[in-house]
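Participant: Sharing a structure, written as structure tokens. Questions coming.
The values are calculated or read from the model by the stated rules, or taken from the named source; none is laboratory data. These numbers come from a predicted model, not from an experiment. With ideal geometry, Cβ positions are generated from the backbone for all residues, glycine too; neighbour counts draw on all protein chains shown. Accessible surface areas use protein heavy atoms only, side chains included; no ligands, DNA or RNA. Shrake-Rupley method; radii C 1.70, N 1.55, O 1.52, S 1.80 Å.
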Amino acid sequence: MEALPITLKQIVGNTEAATLLIKNDRRLLEIPDHKGETPLDKAYQNMHLDTIDFLLKAVYDDIKPKKQSSTLEDYVSPGVKLGVNLLVNAVSAKKYVFRICLQSFAVENDNVLLAIAKTFPMGLDYWETLIYPILPIKHMEKKMKEQKAAKEVLKMVCYEIDKLEFPDAHPRYYTRPILEAACQDIYEVVDEILMRSPEAVRYKDESGYDVIQLAVIHRSENVYNLIYTIGERKSVYRMIEDSSKNNMLHLVGRLPPLQKLRHRTGPALQLQRELHWRQEVEKLVFPSCTTKENIFKETPDKVFRREHENLVKEAEKWMKAVAESCGITAALITTIVFAAAITVPGGSNQETGIPVFTKEIAFTIFAITDAISLFASSTALLMFLSILTGSFDERDFLFTLPRLLMIGLCTLMLSTTAITMVYFWTMDKEC
């Protein structure tokens, strides 16, 4: 019997044609091509997910009447771990539709749960959460559906793991996923695993780091807060050290991975977030940890300064560049609105010196907006000058410099808005 037609259908992903062929002769499922590859192998290689789903169900229906030890792995060609690989790729592609084969493959090893930990949908961000109830948008709905489906698959996989009877099932299946989730800040996975296996909080990676240490190193805020609120091991974390005698403050002093650092825009705000992290971890550890040295004779402060030396320089350069450019704008606005204040539109009465439009409401609005613009631009200019004349110590980036920058930008925006009103009113009167 020739298997070429059905094999070709799997290469192009023609599910409807494959359905008709298999309905006509189910033996086509088992017939390999000249390379020894079955239709399911071909569909998997070309990642046609709908076709794979259909073929898996067809295969599952065929092996169901057989002895209970039979699984879908019995069908796969030698050397191809199709079942597990299929689920891993489907999860990585955020296609959570292969639930029929979860019981067969989800607990073959920890790869499926590990894939969930690596690619779990992040869901809505803060602003999208505020907007979604009143203004649902298509991409938001897609995010919500993906996260809901991922949570269902996560629960199903963990349920299958919990059904395993051998004694080391939890360490074997939960260690790598929970540690990976801690690195990726996927708190849903961490929470689900800890709910089923509380001792997983003590699992460590090859470097000897547990969940909360990895959360600190990788700046996984959600996972850190989750572990912190549990509180059962808080006394342990106060004095915990790694093989190099680095306590939690040493770890938070390290520069995080680049993708985590880029969660904030601009070196100054990135450094501010790093300082916030150090301040938060200081609340967790004993005060003596702030001066304790590791085996390299480095205190946490020394580690932080060494690791963040380049970031501090970049933050200073960025802050000065922003302050200079905005300061020039503020100075120009101050000059313009001051000139507008002493040379009022329409001129003044030659005898009394009182402006011609004094009795008009529009003139009053002009005077007020001009005064607001002058005050705001002057304030902005002072803020930017304060930044340029600052010491740029690393601790200044925690509150002082960001506060000056924020006040300067807000007042500059206010002055720009006010001067726009002044300009249009003046042009209207001149016309």
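Participant: Go through (1) open to solvent by 40 Å² or more (accessible area, probe 1.4 Å); (2) closer than 20 Å to H276 by Cα; (3) aliphatic (A, V, I, L, M) one by one and return the number of the condition V223 breaks.
Facilitator: Among (1) open to solvent by 40 Å² or more (accessible area, probe 1.4 Å); (2) closer than 20 Å to H276 by Cα; (3) aliphatic (A, V, I, L, M), V223 violates only (1).
Participant: Sticking with this one: Which count do you get for residues in segment 405-419 that are in contact with a Cys (Cβ under 8 Å, 6 or more places away or on another chain) and without any contact (Cβ under 8 Å) to a residue 24 or more places away in the chain?
Facilitator: The qualifying residues number 0.
Participant: List the residue pairs whose Cβ atoms are under 7 Å apart, where the first residue sits in segment 158-180 and is without any contact (Cβ under 8 Å) to a residue 24 or more places away in the chain, the second is crowded, with 19+ Cβ neighbours inside 10 Å and of a type in the set (A, V, I, L, M), and the two are 6 or more positions apart or on different chains.
Facilitator: A169/I161
Participant: Next question, about the same structure. Taking segment 202-214 on its own, how many of its residues are in a helix (DSSP H, G or I) and farther than 17 Å from S235 by Cα?
Facilitator: Summing the residues that are in a helix (DSSP H, G or I) and farther than 17 Å from S235 by Cα in segment 202-214 gives 1.
Participant: Okay, next question. So C101 ticks every box in (1) open to solvent by less than 70 Å² (accessible area, probe 1.4 Å); (2) modelled with pLDDT of 70 or more; (3) in a helix (DSSP H, G or I) but one. Which box is left unticked?
Facilitator: Status for C101: all satisfied but (2).
Results for (1) within 22 Å of F296 (Cα to Cα); (2) surrounded by 20 or more Cβ atoms within 10 Å (Cβ to Cβ); (3) of a type outside the set (F, W, Y), shown as yes or no for each residue.
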{"residue": "Y173", "(1), (2), (3)": "no, yes, no"}
{"residue": "I178", "(1), (2), (3)": "no, yes, yes"}
{"residue": "A182", "(1), (2), (3)": "no, yes, yes"}
{"residue": "E192", "(1), (2), (3)": "no, yes, yes"}
{"residue": "E199", "(1), (2), (3)": "no, no, yes"}
{"residue": "Q213", "(1), (2), (3)": "yes, yes, yes"}
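Participant: Further, regarding this structure: Please verify whether E324 is modelled with pLDDT of 85 or more, open to solvent by less than 40 Å² (accessible area, probe 1.4 Å) and among the acidic types (D, E), treating the condition exactly as stated.
Facilitator: No, not satisfied.
Participant: Still on this model: Evaluate segment 396-404: report whether one residue or more is in contact (Cβ under 8 Å) with a residue 24 or more places away in the chain, open to solvent by less than 40 Å² (accessible area, probe 1.4 Å) and not in a helix (DSSP H, G or I).
Facilitator: yes
Participant: If I filter segment 112-150 down to residues being within 18 Å of S220 (Cβ to Cβ) and open to solvent by 60 Å² or more (accessible area, probe 1.4 Å), which single residue comes out as modelled with the highest pLDDT?
Facilitator: Here the residue is K118.
Participant: Here's a check for you: in segment 263-279, which residue that is farther than 18 Å from T290 by Cβ and among the polar types (S, T, N, Q) is surrounded by the most Cβ atoms within 10 Å (Cβ to Cβ)?
Facilitator: Q270
Participant: Kindly indicate the residue of segment 242-262 that is without any contact (Cβ under 8 Å) to a residue 12 or more places away in the chain and not aliphatic (A, V, I, L, M) and also surrounded by the most Cβ atoms within 10 Å (Cβ to Cβ) among those meeting that condition.
Facilitator: R262
Participant: Exactly one condition in (1) under 28 Å from K151 (Cβ atoms); (2) among the β-branched types (V, I, T); (3) at pLDDT 90 or above; (4) surrounded by fewer than 17 Cβ atoms within 10 Å (Cβ to Cβ) is not met by I217; state its number.
Facilitator: Only one criterion is unmet by I217, namely (4).
Participant: Ok, one more. Restricting attention to segment 405-419, and to residues there that are within 29 Å of the chain's Cα centre (by Cα) and of a type in the set (A, V, I, L, M), which single residue is most open to solvent (accessible area, probe 1.4 Å)?
Facilitator: The qualifying residue most open to solvent (accessible area, probe 1.4 Å) is M406.
Participant: Could you please give the count of residues in segment 380-395 that are in a helix (DSSP H, G or I) and of a type in the set (S, T, Y)?
Facilitator: Qualifying residue count, segment 380-395: 1.
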